[in-house]
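Please read the structure below before turning to the comments.
The values are calculated or read from the model by the stated rules, or taken from the named source; none is laboratory data. It should be emphasised that the depicted structure is a prediction, and the values quoted were computed from it without experimental measurement. All Cβ positions, even for glycine, are placed from backbone atoms using ideal geometry, and neighbour counts span all protein chains on display. Please note that ligands, DNA and RNA were not included when accessible areas were found on the heavy atoms of the full protein model with its side chains. Shrake-Rupley method; radii C 1.70, N 1.55, O 1.52, S 1.80 Å.
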Amino acid sequence: MLLDVADLKVHFALRGSFAARLLGRETGVVKAVDGVSFQLRRGEVLGLVGESGSGKTTLGRAILGLVRPTGGRVCLDGIEISALREAQLRPLRRRMQMIFQDPHASLNPAMNLAEAIGHPLRIQKITRDKDEIRSQVAAALDRVGLTPVERFLDKYPADLSGGQKQRAVIARAIILHPELVVADEPVSMLDMSVRAKVLELMVDLKRDLGLTYLYVTHDLATARFFCDRVAIMYLGRIVEIGPAEQIYAEPRHPYTVSLLRAIPEPDPRRAVPRDLPRGEVPDAVHPPLGCAFHPRCPRAFAPCGWESRDLRALFEQRWTTLSEEEFAAERELVDAVGTLDIPATTAHLPALRGRDPAALADLLASIRAHQPDEPFWRGVEDVHSADGGVTVTFRDGVEPQLRPIADGDVEVACHLYDNAFQS
Amino acid sequence: MTTTVEPLLSVCDLRVWYGTSRGPVRAVDGVSVDIAPGEMLGLVGESGCGKSTLGRGILGLLPPGAVMDGEVRYGGNNLLAYTAEEMRQVRGPGIGLIFQEPMTRLNPLMRVSEHFAETLREHEPGMSRGEMAERSLRVLRGMGIPPTRFRSYPHEFSGGMRQRIMIALALVLQPRFLVADEPTTALDVLVEAQILGILADLRRNFDTALLLITHNLAIVAESCDRVAVMYAGKIVEQGAVRDVFTEPRHPYTRELLASTISLSTTRLHYIPGAPPDLVEPPAGCRFHPRCPEAMRVCAHREPAQTSPDLQRRVACWLAARPGELDEDEREPLVQEVIHTADEA
């Protein structure tokens, strides 16, 4: 076991405005990584796959100690690196390196390649001898295919193409002979015509140098090629993890299923799929109750964490389908839906002053009758008129935990696969 | 789309040069392409092939210092002959634009409603406030933005919603032709699919023609009617998406398709070398140094556009008519070795 990550948490406090802090108001916390556990065997490639805001990049950085974890631990080869101070961590950095997404931004424009790639040797005080550094850089350049080496040693980043820059970044990452490499979207900014080439280089390096990779990406297609195992992340958590082959052949979590369906294929017989999850990755400061994916999930049901904000979304979605007159008529019944912003399992919807709350209850009933299959209604326990409006009570949601699927090595955090919720 | 339909917009032998200290960059070099009403045309190629320059050239939005030649025919006129002011009148109600970065194109200090009011006041003077609001709301609803959010500020929306607002802002003027330059590149895959769905519906709901500029061939395959493949400032192949993707005629198209990594990819493939320097492009066919099927003729004579069938145009000597090339010209070209590192 090279890497063991247990219940890792990285929370960022939002600073808020000066006035808000002065008044001691709650300014919010973003749980970028919220209780992530996984293990990585030597020589293995694990893909951390997620959309923007899933916490995949923060997770990768926290593992290398570039971000301080809020909780949990990270062990490299049995050493708990998350507990070390910076000075203690530095010698260990030799064993773990990072490849960043943007090759144009990860090389110092004022350093030529000999200096940039040899820089880690100086920082790690391995050698100060100029000739020694140059010969080690030459070996690294040769290893990543920037040959003839003499042509590249004295080049500056501005003289290189995107693919060449990324090769130089990889050369810098391997010059210290690391064991673990965290590669954060290493090919996403490259042209299609070179992506395969850089991926191939990474595969070769793994084989020849015995590297272990954590491949952070939003791209399930390249991950399929490169990874032994994949972990799908959504809003700071792993929702599905397992051998790549099994996950691609039989995705379980509805989020994984939709991601795989959404990837366009260069096949003109296929049309853009239309029945994909609505909406976008929600606000991380106030994540949805229960399962974070439930507002977008086509298969969500009673225990998934339905709440006030889902009622607001229901109305807003509906109002994009109504005509001007119909909308105006409904607006006469419903007062501000903005009051539904606070996450709660009971939601009070006030009728506009002077209007009959019963008419509002009727409206909800007719919306339900119109779309009875809408997952939202599975979470509604009760609707009744109260206090000049309508109160909707939701079933209490449960946060799904990662649990193994009966027949295999896949783990999924979804109530659909929890026997306790199957009737 | 059949050729009997009068094109909405017709680009004829368009050239765009940029001046540099080393000499002119021929970013677009003799491009001809037609777009029919309501048609969705995909324009693909590696970065630096001139696809964005072509899109901007059509809109008359090139930076100062760029020189254009050729014709962009729209509504019976040549847009290249228009003054800046005349061009401004065409942009919006005639030809609209959807940018890549929705956040940087919306003014953070203006409400969504104000963006719409400004656009409509500019192009439809005399429209009443009520009419403006009604028309804006109708378009926004079509993009899935509820009327209750009309008076919100751009930062109150997610990235995907901001892109929908940008599309709505272009559509509110009911343009007949839209240029969308990498409209989904900054978006997540699920949101990308939503936006592509919306663009595909434009034709049905608004009868708007669309030029979709992208580096992603898979997006073109799924959403466009026709495709034009660009390399080093020239269109090397164009035709119906179904034909070009299932039976590419130009080796560059074939190589580009093979290097696309998708879920159905079983083998990694790449194109050796890099696109050429457009100050001094290679003689003959510009792809010949990287072409796996290059013949002797390719290194010194530029292939003309040929039409192997009605809908298809290919600029490649492989598509030459029998007898057009002699034995010697058909001999395989001995190419210079391309180093691993000479790549894009």
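Give me the 1.4 Å probe accessible area per residue for the protein assembly as shown, excluding ligands and nucleic acids, in Å².
In whole numbers, the protein assembly as shown has 43 Å² accessible per residue.
By how many nm would the segment from B:Asn205 to B:Ala304 grow when fully extended, if each residue of separation counts as 0.36 nm and the alpha-carbon distance is taken off?
Here the segment from B:Asn205 to B:Ala304 would lengthen by 31.8 nm.
Could you tell me which residue out of B:Ala117, A:Ala302, A:Val5 lies farthest along the dipole of the protein assembly as shown toward its positive end? Charges go on the beta carbon: Lys and Arg +1, Asp and Glu -1, centred on the Cα centre.
With unit charges placed on the Cβ atoms, the residue in question is A:Val5.
Can you tell me which aspartates and glutamates have their Cα less than 19 Å from the Cα of A:Lys130? Leave out same-chain residues fewer than eight positions away.
A:Glu115, A:Asp142, A:Glu150, A:Asp154
Relative to the Cα centre, what is the charge dipole magnitude of region B:263-344, using +1 at the beta carbon of each Lys and Arg, -1 at the beta carbon of each Asp and Glu, and rounding to the nearest 20 debye?
Computed about the Cα centre, the dipole is about 400 debye.
If you take every DSSP beta bridge fully contained in chain A, what fraction is antiparallel? Give it as a percent rounded to 5.
70
With an 8 Å Cα cut-off and a minimum separation of 6 or more residues, compute the relative contact order for region B:111-182 in percent.
41
Set the Förster radius R0 to 30 Å, insert the Cβ-Cβ distance between A:Ala105 and B:Tyr153 as r into 1/(1 + (r/R0)^6), and round the FRET efficiency to 0.05.
0.50
Classify region A:215-320 from the C-alpha gyration tensor, please: rounded if a/c falls under 1.5, else prolate or oblate depending on whether a/b exceeds b/c.
Here region A:215-320 falls in the oblate category.
Among the residues of region B:318-344, which ones have their accessible area go down by 30 Å² or more when all the protein chains sit together, as opposed to their chain alone (1.4 Å probe)?
B:His339, B:Thr340, B:Ala341, B:Asp342, B:Glu343, B:Ala344
Where the accessible area of region A:304-365 is counted over protein heavy atoms with a 1.4 Å probe, how much of it, in %, is carbon and sulfur?
Here carbon and sulfur together make up 55 percent of the probe-accessible area.
Using +1 on the beta carbon of Lys and Arg, -1 on that of Asp and Glu, and nothing else charged, what's the dipole of chain A about the Cα centre, debye to 20?
I would put it at about 1760 debye.
Quick one: buried accessible area between B and A, total over both chains, 1.4 angstrom probe, nearest 100 Å²?
Counting protein atoms only, the buried area is about 5100 Å².
Just name one of B:Ser32, A:Ser82, A:Met96: the one whose Cα is farthest towards the positive end of the charge dipole of the protein assembly as shown (beta-carbon charges, Lys/Arg +1, Asp/Glu -1).
Of the candidates, A:Ser82 comes out farthest on the positive side.
Hey, with R₀ at 56 Å, roughly what FRET efficiency would A:Ala406 and B:Asp326 work out to, going by the Cβ-Cβ distance, to 0.05?
0.20
For B:Lys234, list the lysines whose Cα falls under 22 Å from its own Cα; do not include residues on the same chain fewer than 8 positions away.
Cross-link targets: B:Lys51.
Sequence neighbours fewer than 8 away in the same chain don't count; with that in mind, list the lysines whose C-alpha is under 20 Å from A:Lys31.
Cross-link targets: A:Lys9, A:Lys56.
Starting at the first residue of region B:276-287, write each ³J(HN,Hα) from the Karplus equation 6.51 cos²θ - 1.76 cosθ + 1.60 with θ = phi - 60°, in whole Hz, x for Gly and Pro.
x, 5, 7, 7, 10, x, x, 6, x, 6, 5, 8
What's the magnitude of the charge dipole for the protein assembly as shown around its Cα centre, counting Lys and Arg as +1 and Asp and Glu as -1 at the beta-carbon? Answer in Debye, nearest 20.
Rounded to the nearest 20 debye, it is 1620 debye.
Measure off, as a whole percent, the carbon and sulfur share of the 1.4 Å-probe accessible area of region A:145-285, all protein chains present.
49
Once you put a point 7 Å from the Cα of A:Leu66 and another 7 Å from the Cα of A:Leu92, both along the Cβ direction, what distance in nm separates them?
About 1.7 nm separates the two model spin labels.
For region B:194-259, what % of the accessible area comes from carbon and sulfur atoms, probe 1.4 Å?
The nonpolar share, carbon plus sulfur, comes to 43 percent.
Let me have the 222 nm mean residue ellipticity of the protein assembly as shown computed from DSSP H runs of 4+ only, each contributing -39500 (n - 2.57), with the sum over all residues rounded to the nearest 500.
-9000 deg cm²/dmol
Compute the signed sum of charges (Lys and Arg +1, Asp and Glu -1) over the other residues within less than 12 Å, Cβ to Cβ, of B:Tyr252.
+1
Just check the protein assembly as shown against the gyration tensor rule for me: Cα atoms, a ≥ b ≥ c as the square roots of the eigenvalues, rounded for a/c under 1.5, and otherwise prolate or oblate depending on whether a/b exceeds b/c.
Oblate is the answer for the protein assembly as shown, as a/c is 1.5 or above yet b/c matches or exceeds a/b.
Hand me the trypsin sites (Lys or Arg not before Pro) from region B:185-237 located in a DSSP loop with no more than 10 other Cβ atoms within 10 Å, in residue order please.
In loop regions of region B:185-237 (DSSP not H, G, I, E or B), there are no sparsely surrounded trypsin sites (Lys or Arg not before Pro).
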